[in-house]
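Structure first, then comments.
The values are calculated or read from the model by the stated rules, or taken from the named source; none is laboratory data. Fair warning: this is a prediction, and the values are worked out from it, not measured in the lab. Positions of Cβ are generated from backbone atoms using ideal geometry, with glycine treated the same way; all protein chains shown enter the neighbour counts.
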Amino acid sequence: MSHDPYALAFPAPVFSLSSPDVDERGELPRSAYAEEGDRSPALAWTDLPEGTRSVLVTAYDADAPVPGGLWHWVLTDVPATAGGLAAGAGSPGGAVPGARALPNDLGRAGYSGVNPPAGTGVHRLFIAATALDVDHLDLPADASTALVHVLAIPHTLGRAVLVATSEAPSA
């Protein structure tokens, strides 16, 4: 298995992140797969650190068979008062008032469903919510995921991570 993308990340206090669609280390619903719905899972967060004004949501496949893994979702500026996201909020046609979807590693502004290649086994999708002390990150339109994370560091108040799995078909 590949690395945990947050093991070496800027340390931050932990708050709660859950999903009615998937349990911690449980399998993503088929609707979250690219070929079967391409729908982002619902998320709920609680106990945000004091001073949180927005939340950064990301989803990363640490076991994708490409160098560096694969970022499936980058959503900035989610109002802290949202309390979470509805299923499909990051998917085509989904909307989060006030939030900004940035291009993921597949070039799509929004959630791209998982699609593990045959023979690559179980993949871990790290879904993270990062509490920030600003309403909006000051980002260029073409900001990379790396730049988003770098610019979020001085504004990070806390982070919660939910790990879900997806299964590649047999080779």
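Among the residues making up the stretch 25-67, a single one is within 14 Å of the chain's Cα centre (by Cα), more than 19 Å from ARG108 (Cα to Cα) and modelled with pLDDT under 95: LEU28.
In the stretch 26-41, the residues that are within 16 Å of GLY93 (Cβ to Cβ) form no Cβ pair under 7 Å with any partner that is loosely packed, with under 15 Cβ neighbours inside 10 Å and of a type in the set (Ser, Thr, Tyr), whether six or more places apart or across chains.
Is it the case that ALA95 is without any contact (Cβ under 8 Å) to a residue 12 or more places away in the chain, within 23 Å of ARG53 (Cβ to Cβ) and of a type outside the set (Ser, Thr, Tyr)? Yes: the conditions hold for ALA95.
Residue-level analysis places ASP38 among those that are among the acidic types (Asp, Glu) and either in contact with a helix residue (DSSP H, G or I) (Cβ under 9 Å, 6 or more places away or on another chain) or closer than 19 Å to ALA152 by Cβ (or both).
From the list VAL161, VAL122, the lone residue that is aliphatic (A, V, I, L, M), modelled with pLDDT under 95 and touching a strand residue (DSSP E or B) at 6+ places or on another chain (Cβ under 7 Å) is VAL122.
Please verify whether ASP47 is among the acidic types (Asp, Glu), surrounded by fewer than 16 Cβ atoms within 10 Å (Cβ to Cβ) and either touching a Phe, Trp or Tyr at 6+ places or on another chain (Cβ under 9 Å) or under 24 Å from ALA143 (Cβ atoms) (or both), treating the condition exactly as stated. Spelling it out, ASP47 is indeed among the acidic types (Asp, Glu), surrounded by fewer than 16 Cβ atoms within 10 Å (Cβ to Cβ) and either touching a Phe, Trp or Tyr at 6+ places or on another chain (Cβ under 9 Å) or under 24 Å from ALA143 (Cβ atoms) (or both). Checking every residue in the stretch 92-105 against the condition of being farther than 23 Å from LEU28 by Cβ and modelled with pLDDT of 95 or more gives zero matches.
Whether a residue is in contact with a Leu (Cβ under 9 Å, 6 or more places away or on another chain) and polar (S, T, N, Q) was assessed, and THR120 does not pass this test. Output the residues belonging to the stretch 50-62 that are in contact with a Ser or Thr (Cβ under 6 Å, 6 or more places away or on another chain) and crowded, with 21+ Cβ neighbours inside 10 Å. Scanning the stretch 50-62 gives a single hit, LEU56.
For the stretch 97-123, filtered to residues that are buried (at least 21 other Cβ atoms within 10 Å of the Cβ) and of a type outside the set (Gly, Ala, Ser), the residue that is farthest from the chain's Cα centre (by Cα) is PRO116. Considering the stretch 131-157 alone, what residues qualify as being in a helix (DSSP H, G or I), in contact (Cβ under 8 Å) with a residue 60 or more places away in the chain and surrounded by 14 or more Cβ atoms within 10 Å (Cβ to Cβ)? Within the stretch 131-157, THR145, VAL148, HIS149, ALA152 qualify.
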